[in-house]
Amino acid sequence: MEKTLERFGARLPAWARGWPRRRVLAVAAVVVLVVAVAVSCSGTSGRVDVPVLEDAADAGVDGVRSPSTATGGTLRVVSPDIDSLDPQRSYLPGVWNLMRLYTRTLVTYSTESGHTGELVPDLATDLGTPSKDGKSWTFTLRAGVRFENGRPITSRDVKYGIERSFASDVVVGGPTYVVDLLDDPANPYAGPYQDEAKDKLGLKSIATPDDRTIVFTLRAVQPDFRFVMALPSSSPVPAEADKGAKYGSDPVSSGPYAIASVDRATGIVLERNPQWDKRTDHVRTALSDRVVVRTGLSGIERDQAILAGSADIDLSGTGVQPTTTARLAGDDADALRDRVDEMTAGAVRLLAMPTDVAPLDNAACRAAVAAAIDRRALQEMLGGAGSAVRTSQLWPRSLAGGPDEAEPSVDPAAARAALQKCGHPDGFETVLAVADAPASVGLAKGIADQLGNVGIKVDVQPLDPTTFYATDVGDPANVAKKGYGLVLATWTADFPTPSSFLVPLVDGRSIRSVGNTNYARLNAADINKLIDAARTADPADAQAAWRAVATAARGTSAYLPLAESRVALIAGQRLHNGLVMQPYSGYDLATAGVE
């Protein structure tokens, strides 16, 4: 294979012959993948002669699919468009999964089956030490960790990487939790590119007393701070290699692989980082010699590549497409079903009722809507139990300790009684805002039909998906102006914690003028107090405290959870060590291998 790739390199055009050997071989390897994917996507059978591994369904959920310690080979990944390879600029969980190959963080997600939503030390020696008041966190870096250029990674590199997120004029698109937690509103930090301070010490809320110690001082207690540190946006960046907005074209690796080439046509190639030392990394196994990511593929193309054996993992985390799901249901699909890992993805479809839009500003009117909803019928509209799980709780199924109240059934009599109580015995008219996607619009029309049965007339208004969350329903003034009394949204938390799921939805102090996620504009003093109590609760009591928040919010009927998405992942025919990572809704790239 190596000789074949060398011959390919010799045939490159003159303008490419000056490339480093690593890049030449990387491009050659990816061309082989592109040809394979093209063949699989153009054929009709979607199958090639590749050995099928003997695993049962859900092997990667209940354990590890085809465990192996064998090294070598090329892991072939297919993906939709990548938003950015800059760790401070991406906001896609699938891309965060990819970034675990070339970025390390103080802490990261465990690769132990059944515990993938939990954190373990990564660059740090432990999970960090909080102060007694919970507003200060201290981490110590491991000795011997290096960037791909051989330079040791220091606490100042971690600080600099985090500081980049403050440069909102240059580094855009990624999470901004660190800005909310570490900035001083009275004297905002503008990021490292505009740092005009004489001492050039950067963000004052992060101290680096020595090369291996980093101390964070938070504005307020944040129980999810460790999870913020697990985001790629909290990974180290060497200041001398930072290219600002162009850093994503060649990010410096701190992980087991380094990006060798990026090309629109052929995708992304990652090769082993010779500076990575397994002795300093107890998370990543890095079994494959090379990882090739073919980007920009549609869902159907990704499914076809996996089924044909020309790809091993779909990076998207969205699961198979409906047409593929139908194929899995066939009588002759036993072998395919054995390659499927099913999971709930934490994406909850919910109906929000803005509490400042009449008549839904009246709790009794909201209760009327709640009583008229038939979740079973809506579940069928979403594709049945294989595609969605009914829920009436503001709590994802993957989180333990949630409320256990019974699911309410549709009750037209109770709905009419609530309408009488809210002063609209004959019903009322309102507008339902929904992102213009077929499944969402179909669900919205189903909701409108159900509400029509009790006299509530709903005007379904599909809106541009690219602006829906940011400005259409994310701008409270626009919602009030347009009279959106109902908002059909899908909510997924950034972290597998109750706080991450609940606070953006129900904390009245989280309401903002742009990109607002408190779609119901719920601002109840009692709920805000419960949130504060949960944030400062003893860890042993925190779960019960957050459950009280969820129960109180549900009692307002400002949000009606409807269903949680169910995702079916298909493992490639060569995939070994197939571990489903709950935070990324996909197979872990950092431990996957092929044979």
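The values are calculated or read from the model by the stated rules, or taken from the named source; none is laboratory data. All values derive from a computational prediction rather than experimental measurement. Here the Cβ positions follow ideal geometry from the backbone for every residue, glycine too, while neighbour counts run over all protein chains shown.
Please find, among 403, 412, the residue that is under 28 Å from residue 511 (Cα atoms), surrounded by fewer than 19 Cβ atoms within 10 Å (Cβ to Cβ) and out of contact with any Cys (no Cβ under 8 Å at 6 or more places or on another chain). Reasoning before the result, please.
Details: 412 fails: under 28 Å from residue 511 (Cα atoms).
Just one listed residue meets the conditions, 403.
Answer yes or no as to whether residue 440 is under 24 Å from the mean Cα position of the chain (by Cα), outside any loop (DSSP other than H, G, I, E, B) and more than 15 Å from residue 369 (Cβ to Cβ).
Working: under 24 Å from the mean Cα position of the chain (by Cα): yes; outside any loop (DSSP other than H, G, I, E, B): yes; more than 15 Å from residue 369 (Cβ to Cβ): yes.
The answer is yes for residue 440.
Filter the stretch 220-264 for residues that are of a type in the set (Lys, Arg) and either crowded, with 20+ Cβ neighbours inside 10 Å or at pLDDT 95 or above (or both) and give the result. Explain how you work it out, then say what you get.
Within the stretch 220-264, the subset of a type in the set (Lys, Arg) is 226, 243, 246, 264.
If the condition is that a residue be of a type in the set (Lys, Arg) and either crowded, with 20+ Cβ neighbours inside 10 Å or at pLDDT 95 or above (or both), then 226, 243, 246 are the ones that fit.
Restrict the check to the stretch 191-198 and report whether at least one residue is within 28 Å of the chain's Cα centre (by Cα), aliphatic (A, V, I, L, M) and modelled with pLDDT under 95.
Looking through the stretch 191-198, none of the residues is within 28 Å of the chain's Cα centre (by Cα), aliphatic (A, V, I, L, M) and modelled with pLDDT under 95.
Is there any pair with a first residue in the stretch 239-266 that is over 27 Å from residue 107 (Cβ atoms) and a second that is assigned to a strand (DSSP E or B) whose Cβ atoms are under 7 Å apart and which are 6 or more apart or on different chains, and what are they?
Listed pairs, sorted by first residue: 249/262; 260/269; 260/270; 260/271; 261/269; 262/268.
In the set 375, 366, which member is in contact with an Asp or Glu (Cβ under 9 Å, 6 or more places away or on another chain) and among the charged types (D, E, K, R)? Please lay out each step first, then the result.
Numbers: 366 fails: in contact with an Asp or Glu (Cβ under 9 Å, 6 or more places away or on another chain).
Going through 375, 366 in turn, just one is in contact with an Asp or Glu (Cβ under 9 Å, 6 or more places away or on another chain) and among the charged types (D, E, K, R): 375.
In a loop (DSSP other than H, G, I, E, B) and either of a type outside the set (D, E, K, R) or surrounded by fewer than 21 Cβ atoms within 10 Å (Cβ to Cβ) (or both): which single residue out of 348, 357 fits that description?
Values: 348 fails: in a loop (DSSP other than H, G, I, E, B).
Sole residue among the options that is in a loop (DSSP other than H, G, I, E, B) and either of a type outside the set (D, E, K, R) or surrounded by fewer than 21 Cβ atoms within 10 Å (Cβ to Cβ) (or both): 357.
If I filter the stretch 268-315 down to residues being farther than 28 Å from residue 123 by Cβ and small (Gly, Ala, Ser), which single residue comes out as surrounded by the fewest Cβ atoms within 10 Å (Cβ to Cβ)?
Initial filter on the stretch 268-315 (farther than 28 Å from residue 123 by Cβ): 294, 296-311, 314.
Within this subset, residues satisfying the condition of being small (Gly, Ala, Ser) are 296, 298-299, 305, 308-311.
Values: 296: 13, 298: 11, 299: 18, 305: 27, 308: 21, 309: 20, 310: 26, 311: 31.
Looking at the filtered set, the residue picked out is 298.
Under 6 Å between Cβ atoms, which residue pairs at least 6 apart in sequence (or on different chains) link something in the stretch 162-176 that is over 18 Å from residue 230 (Cβ atoms) with a partner that is of a type in the set (A, V, I, L, M, F, W, C) and surrounded by fewer than 19 Cβ atoms within 10 Å (Cβ to Cβ)?
So the pair list comes out as 166/179; 170/245.
Looking at the stretch 350-369, I want the residues that are more than 20 Å from residue 391 (Cα to Cα) and have a partner that is among the β-branched types (Val, Ile, Thr) and modelled with pLDDT of 95 or more with Cβ atoms under 6 Å, at least 6 apart or on another chain. Which pairs are those?
Note: pairs meeting the criteria are 354/479; 361/355.
I'm trying to understand the selection: among the residues of the stretch 121-144, which are buried (at least 23 other Cβ atoms within 10 Å of the Cβ) and either more than 15 Å from residue 215 (Cα to Cα) or among the basic types (Lys, Arg) (or both)?
The one that is buried (at least 23 other Cβ atoms within 10 Å of the Cβ) and either more than 15 Å from residue 215 (Cα to Cα) or among the basic types (Lys, Arg) (or both): 122.
Quick check on residue 119: is it touching a strand residue (DSSP E or B) at 6+ places or on another chain (Cβ under 9 Å), aliphatic (A, V, I, L, M) and farther than 24 Å from residue 272 by Cα? Steps first, answer last, please.
Values: touching a strand residue (DSSP E or B) at 6+ places or on another chain (Cβ under 9 Å): yes; aliphatic (A, V, I, L, M): yes; farther than 24 Å from residue 272 by Cα: yes.
For residue 119, the condition - touching a strand residue (DSSP E or B) at 6+ places or on another chain (Cβ under 9 Å), aliphatic (A, V, I, L, M) and farther than 24 Å from residue 272 by Cα - is met.
Looking at (1) outside the structural domain of residue 138 (by TED's automatic domain parsing); (2) out of contact with any Phe, Trp or Tyr (no Cβ under 8 Å at 6 or more places or on another chain), which is the only condition residue 220 fails?
For residue 220, the failing item is (1).
Please give the number of the condition residue 330 fails out of (1) at pLDDT 95 or above; (2) surrounded by fewer than 17 Cβ atoms within 10 Å (Cβ to Cβ); (3) assigned to a loop (DSSP other than H, G, I, E, B).
Here residue 330 meets the rest and fails (1).
State yes or no: is residue 47 modelled with pLDDT under 95 and either in the same structural domain as residue 307 (by TED's automatic domain parsing) or of a type outside the set (D, E, K, R) (or both)? Quick ask: steps written out before the conclusion?
Details: modelled with pLDDT under 95: yes; either in the same structural domain as residue 307 (by TED's automatic domain parsing) or of a type outside the set (D, E, K, R) (or both): yes.
For residue 47, the condition - modelled with pLDDT under 95 and either in the same structural domain as residue 307 (by TED's automatic domain parsing) or of a type outside the set (D, E, K, R) (or both) - is met.
Mind checking which helices (runs of 4 or more DSSP H) fall wholly inside the stretch 453-542 and carry at least 1 residues that are in contact (Cβ under 8 Å) with a residue 60 or more places away in the chain and within 18 Å of residue 433 (Cα to Cα)?
Details: elements: 476-482, 498-506, 525-535.
Ranges flagged: 476-482, 498-506.
Go through (1) under 18 Å from residue 141 (Cβ atoms); (2) assigned to a loop (DSSP other than H, G, I, E, B) and name the single condition residue 214 misses.
(2)
Is it the case that the stretch 575-583 has a residue that's assigned by TED's automatic domain parsing to the domain that holds residue 319, small (Gly, Ala, Ser) and buried (at least 22 other Cβ atoms within 10 Å of the Cβ)? Step through it out loud before you land on a result.
The initial filter retains those residues of the stretch 575-583 that are assigned by TED's automatic domain parsing to the domain that holds residue 319, namely 575-583.
Going one step further and asking which of them are small (Gly, Ala, Ser), we end up with 578.
Among the residues that remain, those that are also buried (at least 22 other Cβ atoms within 10 Å of the Cβ) are: 578.
Yes, there is a match, as at least one residue in the stretch 575-583 is assigned by TED's automatic domain parsing to the domain that holds residue 319, small (Gly, Ala, Ser) and buried (at least 22 other Cβ atoms within 10 Å of the Cβ).
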